[in-house]
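The values are calculated or read from the model by the stated rules, or taken from the named source; none is laboratory data. Not measured: the values here are computed from a predicted model. Positions of Cβ are backbone-derived with ideal geometry, glycine not excepted, and every protein chain shown enters the neighbour counts.
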Amino acid sequence: MNFFELFLWFLIFSFIGWVWEVTLYYVSLHKFVNRGFLNGPYCPIYGVGAIAFILTTNQIPDPFLRGLAGGAIACVLEYITSFTLEKLFHARWWDYSNRPFNINGRICLYGFLLFGAAAAGMPYIILPFAAFTGSIPEPARTILAILLMVMFVMDIAATNQSLIKLNKALREYQKFLDRHTSQFINFIRKGKRAFEMHFESGRKKARTILTYQQRRILAAFPGLESTRYNDALQEFRALLNRNHASGKKRKK
């Protein structure tokens, strides 16, 4: 086992996590959504958790203790990730407030039990993947890992740039909403039609702001809330939902 092999395992488990997230979403809402934070088919937090289990809990012989340690590690990782993403992008990417035994909506008992079970079985889960990566001869394995690593870093850079632009767009749209609040109230009093006409200029602006990747992120995280520009974010979301509903009606 070396760094490059660990990276390949990281990508494998990140992909498995992505499949898990997409499947859960599809079962719940009956539609496919790329649930990854990044563009590629992977959820890095699952990969990081798996590698953390392999490097730490695999040395614990008792499955029960291994599960407890793994669940604790996963919860710490998830809490830190949630907190860091919120501070970086001023948004909450997931919220477990409606689940029992949660801490600040960032982690919950369900996640602890799920990842604890994964950690308990990790010594056996890793075997086929270790056999697969071990079957790739050197230096092909190293070259493959480096190529995938470059693609992964590029994905991170592209997503980060897109999110920065999205936050900027939300800030500008929030200013637009705040600037016209008093006018909105007057239009509401005059009737729904006048209110919608006044908002139309903002909606047209929103259509030109959001890129495909930003629309994908909003669809992938329906519970996403901006801690600074939430009114603008929810207006964007309402616009996307409205456009989606209109598209369905036209198809019918």
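Counting residues in the range 97-107 that are closer than 23 Å to R35 by Cβ, touching a residue at least 12 places away in the same chain (Cβ under 8 Å) and among the aliphatic types (A, V, I, L, M) gives one or more. Where residues in the range 84-110 are modelled with pLDDT of 90 or more and not in a loop (DSSP other than H, G, I, E, B), which of them is surrounded by the fewest Cβ atoms within 10 Å (Cβ to Cβ)? Per the criteria, the residue is I103. None of G191, G223 is on the phi > 0 side of the Ramachandran plot and either modelled with pLDDT under 85 or among the polar types (S, T, N, Q) (or both) except G191. When you look at A74, is it more than 17 Å from the chain's Cα centre (by Cα) and assigned to a helix (DSSP H, G or I), yes or no? Here the answer is no, as A74 does not meet what is asked.
Does L38 qualify as being surrounded by 19 or more Cβ atoms within 10 Å (Cβ to Cβ) and among the hydrophobic types (A, V, I, L, M, F, W, C)? Lay out the reasoning, then the answer.
Numbers: surrounded by 19 or more Cβ atoms within 10 Å (Cβ to Cβ): yes; among the hydrophobic types (A, V, I, L, M, F, W, C): yes.
The answer is yes for L38.
Return a yes/no flag: does the range 70-81 have any residue that is among the polar types (S, T, N, Q) and surrounded by fewer than 17 Cβ atoms within 10 Å (Cβ to Cβ). Looking through the range 70-81, none of the residues is among the polar types (S, T, N, Q) and surrounded by fewer than 17 Cβ atoms within 10 Å (Cβ to Cβ).
Just one of (1) modelled with pLDDT under 90; (2) surrounded by 12 or more Cβ atoms within 10 Å (Cβ to Cβ) fails for L148. It is (1). Only a single item in (1) assigned by TED's automatic domain parsing to the domain that holds L68; (2) within 24 Å of the chain's Cα centre (by Cα); (3) farther than 19 Å from A52 by Cα is not met by A158, and it is number (1). For first residues located in the range 48-65 and outside any helix (DSSP H, G or I), partners that are basic (K, R) and lie 6+ apart or on another chain with Cβ distances below 6 Å form the pairs I60/R66. Restricting the first member to the range 125-139 and to residues that are touching a residue at least 40 places away in the same chain (Cβ under 8 Å), and the second to residues that are of a type in the set (S, T, N, Q), no beta-carbon pair is closer than 6 Å while six or more apart or on different chains. Collect the residues in the range 26-47 that are of a type in the set (S, T, Y) and either outside any helix (DSSP H, G or I) or more than 14 Å from the chain's Cα centre (by Cα) (or both), keeping them in residue-number order. Within the range 26-47, Y26, S28, Y42 qualify.
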